[in-house]
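Okay, so here's the structure we're looking at.
The values are calculated or read from the model by the stated rules, or taken from the named source; none is laboratory data. This is a predicted model, so every value here is computed, not measured. Please note: Cβ atoms are built from the backbone with ideal geometry, for glycine as well, and neighbour counts cover all protein chains shown.
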Amino acid sequence: MARVLILVDAKDQQGWAKTSVELAQGIAALKQAIATFPANPSNSVHVAVEVSAASSPISLEEADQVCPLTLNLPNFVTFPGREIYRACQNILDMRRQVEKLGCPTGTGQFWLPIVLTAKGALYAEAIGVEAASEAAASPTFFQPLHLSDRWRQPLYRLGQRLLRSLSAPPATYLIQFGFQGEATYFDRLLPFPAAPAIASLGVQSPDLFACHWLCITNQPILDLTISSNAAYRVCEPASEAARLS
């Protein structure tokens with residue numbers, strides 16, 4: 001029996017909001033992907049979920065696949081792609097690296113998913129977020145967010161150059177970005193389907209959690225499609241901030 005170990009950390013503010021509901025949704029979506037797209041159809045799969053924390057020792061000895069949904073990993077945790085997790089954890093160094101590529105950096109609340117397969121990159125529709133309200137205790141992520149070519153193409157180029165410079169392995173990546181005037185700026189890179197990826201559930205096929213599993217197990221993804229029922233929202237930056245209409 002194959003064993004897949006999903007590592008999570010509810011305190012990881014770089015990937016997940018505080019709500020355990022979002023984390024539970026992400027874990028459930030990844031479990032569903034593992035069951036739907038087995039890496040080896042001849043083997044049954046048991047999915048184990050453990051929290052990565054210094055106070056909670058993790059046994060990796062019997063794990064056939066380690067699938068972290070957090071950047072907060074103990075040093076002893078090793079798996080293909082571990083180095084890019086370390087690089088993404090150091091946000092300031094990553095921003096300096098991006099600035100050398102000619103892109104400004106700052107703090108943003110939008111995400112561009114890049115599904116990096118063994119044969120190349122697929123760019124998903126952007127994800128936005130609605131601020132928390134009295135009715136909703138936490139922010140709500142949504143997809144698809146329409147970006148015009150003047151924003152989308154520079155983000156595509158940045159993603160391609162950045163992932164190439166990091167020798168990134170196949171996975172689902174989220175480029176977190178914002179706007180400054182009419183230009184986009186880079187915030188950080190997440191090497192797994194973090195909380196914003198929840199927006200793809202029921203909207204994109206395959207969803208970003210399924211894409212991640214397919215990528216890390218070297219299974220093909222031919223295309224990314226958006227549901228015909230999904231309503232596009234248009235992003236219109238205003239001066240120093242981004243405004244949604």
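Residues of the range 8-26 include at least one that is in contact with a Ser or Thr (Cβ under 6 Å, 6 or more places away or on another chain), modelled with pLDDT of 75 or more and hydrophobic (A, V, I, L, M, F, W, C). Looking at the range 97-108, is at least one residue within 22 Å of L214 (Cα to Cα), acidic (D, E) and out of contact with any Lys or Arg (no Cβ under 7 Å at 6 or more places or on another chain)? No, the conditions are met nowhere in the range 97-108.
Does P139 satisfy the criteria of being under 14 Å from the mean Cα position of the chain (by Cα), more than 16 Å from K119 (Cβ to Cβ), at pLDDT below 95 and not hydrophobic (A, V, I, L, M, F, W, C)? So P139 fails the test.
For the range 178-188, taking the residues that are hydrophobic (A, V, I, L, M, F, W, C) and farther than 23 Å from I226 by Cβ, the one that is surrounded by the most Cβ atoms within 10 Å (Cβ to Cβ) is identified as F186. As a summary of the residue check, L163 satisfies the conditions (1) at pLDDT 95 or above; (2) within 22 Å of Q25 (Cβ to Cβ) except for the one numbered (2).
Please work out if P169 is in contact (Cβ under 8 Å) with a residue 60 or more places away in the chain, assigned to a loop (DSSP other than H, G, I, E, B) and touching a Gly at 6+ places or on another chain (Cβ under 6 Å).
Details: in contact (Cβ under 8 Å) with a residue 60 or more places away in the chain: yes; assigned to a loop (DSSP other than H, G, I, E, B): yes; touching a Gly at 6+ places or on another chain (Cβ under 6 Å): yes.
Considered against the rule, which asks whether it is in contact (Cβ under 8 Å) with a residue 60 or more places away in the chain, assigned to a loop (DSSP other than H, G, I, E, B) and touching a Gly at 6+ places or on another chain (Cβ under 6 Å), P169 comes out as yes.
Criterion first (touching a residue at least 12 places away in the same chain (Cβ under 8 Å) and either among the small types (G, A, S) or out of contact with any Lys or Arg (no Cβ under 9 Å at 6 or more places or on another chain) (or both)) does P220 satisfy it? In short, no. Of all residues in the range 195-237, those that are surrounded by fewer than 24 Cβ atoms within 10 Å (Cβ to Cβ) and under 23 Å from P169 (Cβ atoms) total 12.
Do we find a residue being within 10 Å of L7 (Cβ to Cβ), under 21 Å from the mean Cα position of the chain (by Cα) and either at pLDDT 90 or above or not β-branched (V, I, T) (or both) anywhere in the range 80-95? The answer is no; no qualifying residue exists.
Residues checked against (1) at pLDDT 90 or above; (2) in a strand (DSSP E or B):
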residue	(1), (2)
P154	yes, no
G159	yes, no
L174	yes, yes
R188	yes, yes
F192	yes, no
I198	yes, no
P237	no, yes
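Within the range 143-177, if we keep just the residues that are within 21 Å of V203 (Cα to Cα) and of a type in the set (S, T, N, Q), the residue that is surrounded by the most Cβ atoms within 10 Å (Cβ to Cβ) turns out to be T172.
Scanning the range 65-80 for residues that are closer than 16 Å to V8 by Cα, in contact (Cβ under 8 Å) with a residue 60 or more places away in the chain and surrounded by fewer than 19 Cβ atoms within 10 Å (Cβ to Cβ) returns Q65, V77.
In the range 206-224 there is no residue that is assigned to a strand (DSSP E or B), over 14 Å from the mean Cα position of the chain (by Cα) and modelled with pLDDT of 85 or more.
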